[in-house]
Amino acid sequence: MTLDGTNTWVLREPGARRSIVVDPGPPDTAHLDAVLAAADGDVGAVLLTHHHLDHSESAKAFAERVGCGVRALDPAYRLGSEGLADGDVVELDGLEVHVVATPGHTADSLSFVLPAERAVLTGDTVLGRGTTVVAHPDGQLGAYLDSLDRLHALAEREEARVVWPGHGPVIDDALGVLDTYIAHRRSRLEQVEAAVATLRAQGPVDAETLPRRVVEVVYADVDPVLWGAAELSVRAQLAYLAR
């Protein structure tokens, strides 16, 4: 589910004293020590792309350790009075991080654009390998498709050429991966719709078992260990089709 683990990003303007840490991750002492070493100075803020524990669990403890706040969209995950919202610009010692709301994977998912790098930190909205889960019911497919379109527009305008994801390697072609993501979601939606029609043609379908039955058809070529995650996405797709 987390590929090679969670990517924690340490952002600092060249020559600056303070850094911004994005998604400190789980409470792994060796990892957090490495993050602090990478910061090589003071940490001015911790930012969260979303609330999932593999991104946020250590955030408050890490921020208390370094003496800064945690900024997030969801107030429950903040430390201090400052949150994050679409359109915000976080500035620290010459570094600018632009906040873009990208709900869908979760309701509180955010992406962060670094104009100087023409890079976008996407959390779990876009991964370095494979595709992400729309974590129904918190995640919503309609919102996710809108978020992909929003990121695609940034890439088209060359405001984001590179993707720095929450898991997996850096993607050098933001526009290309977003084209792939959008096409994949549309294709999966068509497959789910076709699978539902086939299952219903075979006889009565119980609403409670329908998502798993659809997974068994649409995700037949996927390792069953991932079917639980796939079912979350199928539930989101079914809710989208039922609108």
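None of the figures in this text is laboratory data; all of them are computed from the coordinates on show. All of these numbers come straight from a predicted model, not from anything done at the bench. Note: ideal-geometry Cβ built from the backbone for every residue, glycine included; neighbour counts use all protein chains shown.
What the table below lists for this structure:
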| item | result |
| --- | --- |
| Estimated Rh, the stretch 1-80: Kirkwood, alpha-carbon pairs, angstrom | 12.4 |
| Extension reserve of the A107-D33 stretch, reckoned as 0.36 nm per residue once the Cα distance is removed | 23.6 nm |
| Among 215-224, 90-99, 5-14, the order from most to least packed when residues are scored by Cβ within 10 Å on average | 5-14, 90-99, 215-224 |
| Label point at Q202 placed 7 Å out along Cα→Cβ; residues across the stretch 216-233 whose backbone nitrogen lies under 16 Å | 216-221 |
| Kirkwood hydrodynamic radius of the chain, from inverse mean 1/r over distinct Cα pairs, in Å | 18.8 |
| Cα→Cβ-extended label distance, 7 Å offset, between T209 and D179, nm | 4.3 |
